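What follows is one structure encoded as C-alpha cells, with my remarks underneath.
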C-alpha cells in the first residue's frame with residue numbers, strides 16, 4: 001500500500017501484553033529486540049488487547065507507565081523513528097461466544113483506547129484510532145470476536161497507510 005520506497009516488517013507477537021507485569025510481556029519476546037535491531041524509520045505500536053484480560057489488567061497508570069517506557073525505547077534508537085500509536089481493535093465478546101474464552105474486557109479496551117489517545121496528545125505523537133473504526137465492523141471479527149479477518153486486517157493496514165502518508 002505504501003509503495004516500493006518502504007520496507008515493511010511485522011514485529012508483532014500474538015498473545016503478548018504491553019505491560020511488563022502481564023502474563024506474556026512483549027518486552028520478553030524476541031520480536032521486541034528484533035524491532036529495534038531493524039533500525040526503523042517508522043514505528044507503529046499496536047498493543048493492549050491482551051492487557052484487557054482480568055489477570056493482566058493492573059490499571060491505566062501502570063499501563064501508561066510501561067507504554068511511555070516503550071515509546072522512550074524507540075525514541076532512543078539511532079534511526080530516530082517517527083512513532084505512531086495505535087489503539088487496539090474493538091473486541092466483541094458479547095456477540096461472539098468463542099471470544100468469551102479470551103476473557104478480554106470491552107470496558108477496559110475502551111479505557112485503554114482513550115488513554116492511548118490522550119498519551120498521543122501529551123507526547124505529540126500521531127494516533128491511529130483502530131478501536132473507533134473497528135467498533136462499527138463486528139463482521140470483520142466473525143472468527144472469534146477478537147482477531148480480525150482479512151477484511152479487518154486490510155482496514156487496519158489502510159488506516160496505518162493513510163496516517164503514514166499524512167504525517168510524512
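Among the residues of the range 32-54, those that are out of contact with any helix residue (DSSP H, G or I) (no Cβ under 8 Å at 6 or more places or on another chain), over 26 Å from residue 166 (Cα atoms) and either in contact (Cβ under 8 Å) with a residue 40 or more places away in the chain or crowded, with 17+ Cβ neighbours inside 10 Å (or both) comprise 50, 54. Report yes if some residue within the range 107-123 is within 21 Å of residue 36 (Cβ to Cβ), touching a helix residue (DSSP H, G or I) at 6+ places or on another chain (Cβ under 9 Å), assigned to a loop (DSSP other than H, G, I, E, B) and modelled with pLDDT of 95 or more; otherwise report no. No, the range 107-123 contains no residue that is within 21 Å of residue 36 (Cβ to Cβ), touching a helix residue (DSSP H, G or I) at 6+ places or on another chain (Cβ under 9 Å), assigned to a loop (DSSP other than H, G, I, E, B) and modelled with pLDDT of 95 or more.
Answer yes or no: is there a residue in the range 63-83 that is at pLDDT 95 or above, in a loop (DSSP other than H, G, I, E, B), under 30 Å from residue 143 (Cα atoms) and touching a helix residue (DSSP H, G or I) at 6+ places or on another chain (Cβ under 9 Å). No. In the range 19-35, how many are in contact with a strand residue (DSSP E or B) (Cβ under 9 Å, 6 or more places away or on another chain) and closer than 14 Å to residue 8 by Cα? Total satisfying the criteria: 1. For the range 70-80, the criterion of a residue being crowded, with 17+ Cβ neighbours inside 10 Å, more than 16 Å from the chain's Cα centre (by Cα) and farther than 23 Å from residue 25 by Cβ is satisfied by no position. Scanning the range 143-160 for residues that are over 18 Å from residue 48 (Cα atoms) and surrounded by fewer than 16 Cβ atoms within 10 Å (Cβ to Cβ) gives 143, 149, 150, 151, 154, 158.
The values are calculated or read from the model by the stated rules, or taken from the named source; none is laboratory data. Not measured: the values here are computed from a predicted model. FYI the Cβ positions are ideal-geometry reconstructions off the backbone, even for glycines, and counts take in every protein chain you see.
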